[in-house]
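*Asks:* This is the structure I have questions about; it appears just below.
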Amino acid sequence: MSVRSDQIRASDLDWLTILIYFVLSMIGWFSIYASVYDVETQKDIFDLSTNSGKQFLWIIFSVFIIIPVLIIDYKVFDSFAYIFYFIMMVVMFILIFMGTEIRGAKTWINLGFFRIQPLEFAKLSTVMAVSKYLSTYNVKIVQRKSQIILALLIIIPFVLTLLQGDTGSALVFCSFIFVFYREGISQTILIIAFTLIALFVLSLLLPVYY
């Protein structure tokens with residue numbers, strides 16, 4: 001594993017993104033605490049027996065994950081992008097049959113003392129795989145071959161997530177259409193994608209006869 005020879009300087013960091021991440025993390029944390037707050041027990045927001053306390057642990061854990069990510073050379077992630085993607089797709093497939101079901105979705109692995117959701121790592125692996133492919137020499141998104149490959153990279157985790165029963169999380173993969181549009185994909189495809197997403201959402205909200 002290679003490490004950057006030059007040190008990470010504060011000026012090299014995208015502080016706006018870091019600020020947005022911090023604000024969203026705090027909003028999510030406070031929202032979890034507010035949703036489970038009990039006036040009678042009045043448990044502390046840091047109480048590890050509550051969901052807010054567990055969320056706080058994950059926030060702290062994520063900070064320690066960010067540090068090695070910044071130190072490790074980006075080429076390491078580039079080299080293992082497809083391998084990571086393949087492993088996560090295999091895990092996602094296994095979860096369809098062996099995952100712990102919570103609120104109707106089999107997207108969790110129960111390790112006893114805590115639960116982990118591989119879907120979040122599947123999102124990351126998909127981002128890495130798409131980024132690696134788009135950065136490959138002579139790959140042009142306007143070519144039909146490239147569009148098919150990119151579509152497959154997105155459709156596979158999308159379908160696996162649907163089969164796990166988590167429709168909401170599956171829709172997250174549809175956001176890649178913005179990346180493709182930024183890279184030069186036809187505006188027609190963007191309109192078609194928005195139409196399909198709208199129809200999909202409406203099919204969940206409206207009665208069948210509509």
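The values are calculated or read from the model by the stated rules, or taken from the named source; none is laboratory data. What you are looking at is a predicted structure, and each value in this text was computed from that prediction instead of being measured. Backbone-built Cβ (ideal geometry, glycine too); neighbour counts: all protein chains shown. SASA here: full protein model, heavy atoms, side chains in, ligands and nucleic acids out. Shrake-Rupley method; radii C 1.70, N 1.55, O 1.52, S 1.80 Å.
*Asks:* At most 16 other Cβ atoms within 10 Å and a DSSP loop assignment: could you name the trypsin sites (Lys or Arg not before Pro) in region 108-205 that fit? The partial results should precede the final answer.
*Replies:* Details: sites: Arg115, Lys123, Lys132, Lys140, Arg144, Lys145, Arg182; in loops: Lys140.
When the trypsin sites (Lys or Arg not before Pro) of region 108-205 are filtered for loop state and at most 16 Cβ neighbours within 10 Å, Lys140 remain.
*Asks:* On the protein heavy atoms, probe 1.4 angstrom, tell me the percent of accessible surface of region 84-203 carried by carbon and sulfur. Before the final figure, lay out each step's value.
*Replies:* Values: 5020 of 7260 Å².
Accessible surface attributable to carbon and sulfur in region 84-203 totals 69 percent.
*Asks:* Kindly report the accessible area of the chain per residue (heavy atoms of protein chains, probe 1.4 Å, no ligands, DNA or RNA), in Å². Working shown, then result.
*Replies:* On the way: 14670 Å² over 210 residues.
Result: 70 Å² per residue.
*Asks:* Quick one: what are the phi-derived ³J(HN,Hα) couplings along region 58-67, Karplus 6.51/-1.76/1.60 with θ = phi - 60°, whole Hz, x for glycine and proline?
*Replies:* Going residue by residue, I get 5, 5, 5, 4, 5, 5, 6, 6, 4, 4 Hz, with x marking Gly and Pro.
*Asks:* Related question: For the chain, with the dipole built from +1 on Lys and Arg beta-carbon atoms and -1 on Asp and Glu ones, taken about the Cα centre, which of Gln143, Phe77, Phe121 lies farthest toward the positive end?
*Replies:* Gln143
*Asks:* For Lys145, go through the aspartates and glutamates and keep the ones whose alpha-carbon is under 20 Å away, minus same-chain ones fewer than eight residues off.
*Replies:* Glu183
*Asks:* Follow-up. From Cα pairs below 8 angstrom and at least 6 apart in sequence, can you work out the relative contact order of region 44-113, rounded to a whole percent? Working shown, then result.
*Replies:* Values: 29 pairs, mean separation 8.7, N = 70.
Across region 44-113, relative contact order equals 12 percent.
*Asks:* Run the reach check for Lys140 against lysines, Cα to Cα strictly under 29 Å, same-chain hits fewer than 8 apart removed. What comes back?
*Replies:* Cα-Cα hits under 29 Å: Lys75, Lys123, Lys132.
*Asks:* What nm distance separates the two modelled labels at Leu204 and Ile148, each placed 7 Å from Cα along Cα→Cβ?
*Replies:* Spacing of the two 7 Å Cα→Cβ label points: 3.1 nm.
*Asks:* In sequence order, what are the phi-derived ³J(HN,Hα) couplings for region 146-154 according to the Karplus relation 6.51 cos²θ - 1.76 cosθ + 1.60 with θ = phi - 60°, rounded to whole Hz, with x for glycine and proline?
*Replies:* Taking θ as phi minus 60°, the curve returns 5, 5, 5, 5, 5, 4, 5, 4, 8 Hz for region 146-154.
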